[in-house]
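S.K.: To start, I am sharing the structure in question, which I have written as structure tokens.
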Amino acid sequence: MPKTDYDYIVVGSGIAGLNVALLARDHGSVLIITKGNIDDCNTRYAQGGIAAAVGPGDSVELHLRDTLSAGAGLCDTQAVEVLTANGPERVNNLMRWGVAFDREVGSGEGPPDGAQTSQIALGREGAHSMARILHAGGDATGMHIELALTEQVGRSTQNQSPITVLEHTLATVLIIEDGQAKGLETIISNTGQKCSFTGRFVVLATGGAGQLFRYTTNPSVATGDGVALAFRAGAQIMDMEFYQFHPTAFRMTGFDPFLMSEAMRGEGAVLRNQEGSAFMADYHPMADLAPRDVVSRAIAAEMEKAGSDEVLLDLSHLPSQVILGRFPNIHHFCQSHGLDITKDLIPVAPAAHYMMGGIRTDTWGRTNIRSLYSCGESACAAVHGANRLASNSLLDTLVFAQRVVDETLGLAPASAMYDAVKDDVDDAGNVYDTVQSRQLVCASMPELSVEALQDLMWRNVGISRNGTRLLLSARILNAWERTMPEATDLASHTLSNLLTVARLMVEGALKRQESRGAHYRMDFPETSESWQKHIILSL
Ligand code: SIN
């Protein structure tokens, strides 16, 4: 058992958590707590890459404009300025840590400095006005980054540098004293042993919550633990109604979904319905590169029309060497499922992918609780607004991990985050609310299990929502929460976290009576100016 007192306690070992740890190690002792192995995280599965304005003709302003436009009026402009302006430097830092981004054929390797970035191969994805996505290993960007960072952390620990890693350990309670985070209570998954740790700074970088839904591109560890933990401790949680569904995940009965990167459509792949017709131009002028929510709803409509569980992704018109060079990982996956993507059409359907909402932070990762920080997918600084621009998430983790560490070193200006909220609505019109207790009036009550929860969320809180189903879901979730026995082990703690995050998502979705970005209400299909504000929930 490691020592119990640290300068930094980092929860989560995706790119956000590892970045914080690597940047903080020069300033104090660091403990990383992670629920699985150190490399079990969403980052690993990121295929698309990192968006940054490094290419010829691109600029921070253009990247900013595309991000704000995808965010459908709910991005914090200042946060997006921070994101886009810091992109090129953060990418350079990754190269210094050993991430080799793919380069144009024949451009040579070159030293990892800013001057060489023009030779990096840049891909295009939906809603970007130009090619600006850096990738590594073709479609294995996340894996390359995660490996480079874990290797750095490994080197650190071997050299007796101050990073301690505690795997298979779940944080169960945030210790708060006098309004300040002081540490964590944890449980070790295989022994059930409980342990407390104290720290000067606690950073939640626990990633997303794709496991709330029946179909997801996320790994099994993505259960929203940090959001639930922070909410129970009194942190503000924002924008939870905005959850992004990726339009194209592999769909075959008996197999888990697997991401079919948007970069495939960026290279020219086309979505076809069961009759073989390319349908996206009927739904949006950008056709196959329309924003993700538009593509997801179009696919759902085509599936319903045809009474089918999938549509088809077609790359067969692209040269084989482009397909194999750019998508080796996807090619390998499909081959192992009996498909040759240079010839065969790939069965795809939408799947839960990315949580835009999360623990409310400012642009330095500060929450409303002193010494408690968050960055990465678990955080919400409104950098993605109502809909995240493709490949902005890895950049988000890099930029705001750095800012968290800078803040702990006293480099940030004073914050308004800690001021108690006295009113239901603030100056910006944002709505503050508590989660409602809703009595169940329901003829047949499904029994609580992870699968029942995932089914409920997929059917009622998915790509298209309506008030009746949301209210029914809120009542069922409420009843499950009230009757669930106290959590004692990893599985029950995780289920309890999922329930909490589901409640937050449903409350936000019920309250927001409009459609905007990834939140689509069939009963309120228009965007309403009066809803150009955030919903912030707390205990
Ligand atoms: C993809 O490769 O399509 C996913 C990239 C992302 O979600 O940003």
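We did not get these values from a lab; they are worked out from the coordinates using the rules stated. What you see is a predicted model; the values in this text were computed from it and never measured. No Cβ is skipped: glycine too gets one built from the backbone with ideal geometry, and neighbour counts run over all protein chains shown.
S.K.: Rank 127, 64, 172 by how far each Cα sits towards the positive end of the charge dipole of the chain (+1 on Lys, Arg Cβ; -1 on Asp, Glu Cβ) and give me just the farthest.
M.R.: 172
S.K.: Sorted by average packing, counted as other Cβ atoms within 10 angstrom per residue and highest first, what order do 218-226, 506-514 take?
M.R.: On the way: 218-226: 24.7, 506-514: 21.9.
Ranking, from highest mean packing down: 218-226, 506-514.
S.K.: I've got another one for you. Can you give the % of DSSP beta bridges in the chain that are antiparallel, to the nearest 5?
M.R.: The antiparallel fraction comes to roughly 60 percent.
S.K.: Something else about it: Need the full-extension length gain, residue 151 to residue 471, defined as separation in residues times 0.36 nm minus the C-alpha distance. One decimal, nm.
M.R.: Details: separation 320, 0.36 × 320 = 115.20 nm, distance 4.69 nm.
So the extension gain works out to 110.5 nm.
S.K.: At most 12 other Cβ atoms within 10 Å and a DSSP loop assignment: could you name the trypsin sites (Lys or Arg not before Pro) in region 327-392 that fit? Can you show the working numbers first?
M.R.: Details: sites: 343, 360, 366, 370, 388; in loops: 343, 388.
Sparse-neighbourhood loop trypsin sites (Lys or Arg not before Pro): 343.
S.K.: If you take the Cα atoms of the chain, find Rg, then find the Kirkwood Rh from the mean of 1/r over all pairs, what is Rg/Rh?
M.R.: Taking Rg over the Kirkwood Rh, I get 0.95.
S.K.: Moving to a separate point now. With Cβ to Cβ distances under 14 Å as the rule, what net charge do the other residues near residue 348 carry (K, R +1; D, E -1)?
M.R.: Numbers: positive: 251, 265, 272, 292; negative: 256, 262, 288, 302, 309, 310, 314, 344.
Summing Lys and Arg as +1 and Asp and Glu as -1 gives -4.
S.K.: Select from 380, 323, 409 the residue farthest towards the positive end of the dipole of region 306-414; place +1 on Cβ of Lys and Arg, -1 on Cβ of Asp and Glu, and compute about the Cα centre.
M.R.: Value: 409.
S.K.: Further question on the same structure: At R0 = 25 Å, how high is the FRET efficiency between residue 514 and residue 77 if r is their beta carbon distance? Nearest 0.05 is fine.
M.R.: Working: r = 21 Å, r/R0 = 0.83.
So the FRET efficiency works out to roughly 0.75.
S.K.: Rounded, prolate or oblate: pick one for region 118-235, where a ≥ b ≥ c are the square roots of the eigenvalues of its C-alpha gyration tensor, a/c under 1.5 means rounded, and failing that, prolate if a/b is larger than b/c, else oblate. Don't jump to the answer; show the numbers that get you there.
M.R.: Details: a/c = 2.09, a/b = 1.58, b/c = 1.32.
Cα axes put region 118-235 in the prolate bin.
S.K.: Determine the dipole magnitude for region 292-379: charges of +1 sit on the beta-carbon of Lys and Arg, -1 on that of Asp and Glu, nothing else is charged, the reference point is the Cα centre, and the result goes in debye to the nearest 20. Walk me through the numbers before you get to the answer.
M.R.: Details: 8 positive and 10 negative charges, 105 e Å.
I would put it at about 500 debye.
S.K.: In the calculated pair distance distribution of region 173-326, what percentage of Cα-Cα distances lie above 19 Å? Before the final figure, lay out the partial values.
M.R.: Values: 7757 of 11781 pairs.
Of the Cα pairs, 66 percent sit more than 19 Å apart.
S.K.: Note down the magnitude of the dipole of region 145-222 about its Cα centre, charges +1 on Lys and Arg C-beta and -1 on Asp and Glu C-beta and zero elsewhere, to the nearest 20 debye.
M.R.: 60 debye
S.K.: Could you give the size of the charge dipole of the chain about its Cα centre, using +1 on the Cβ of each K and R and -1 on the Cβ of each D and E, expressed in debye and rounded to the nearest 20? Write down the numbers at each step before the final one.
M.R.: Numbers: 42 positive and 62 negative charges, 111 e Å.
In debye, rounded to 20, the chain gives about 540.
S.K.: A follow-up question, please. If we count every other residue with Cβ under 15 angstrom of residue 400's Cβ, Lys/Arg +1 and Asp/Glu -1, where does the sum land? Before the final figure, lay out the partial values.
M.R.: Values: positive: 90, 360, 366, 388, 403; negative: 76, 81, 89, 362, 377, 396, 406, 407.
With Lys, Arg at +1 and Asp, Glu at -1, the neighbours total -3.
S.K.: May I ask you to derive the relative contact order of region 425-539, considering only C-alpha pairs under 8 Å and at least 6 residues apart, and to give it as an integer percent? It would help to have the intermediate numbers written out before the result.
M.R.: Details: 127 pairs, mean separation 45.2, N = 115.
Averaging sequence separation for qualifying contacts and normalising by length gives 39 percent for region 425-539.
S.K.: Which listed residue (457, 248, 21) has the Cα farthest towards the positive end of the charge dipole for the chain, taking +1 on Lys and Arg C-beta and -1 on Asp and Glu C-beta about the Cα centre?
M.R.: 457
S.K.: Now for a separate question. Using the Cβ atoms and a cut-off under 14 Å, what net charge is assigned to the surroundings of residue 245, where Lys and Arg are +1 and Asp and Glu are -1? Intermediate results must be reported in sequence, preceding the final value.
M.R.: On the way: positive: 214, 251, 292, 297, 388, 459, 465; negative: 241, 262, 293.
Neighbour charge sum, excluding residue 245 itself: +4.
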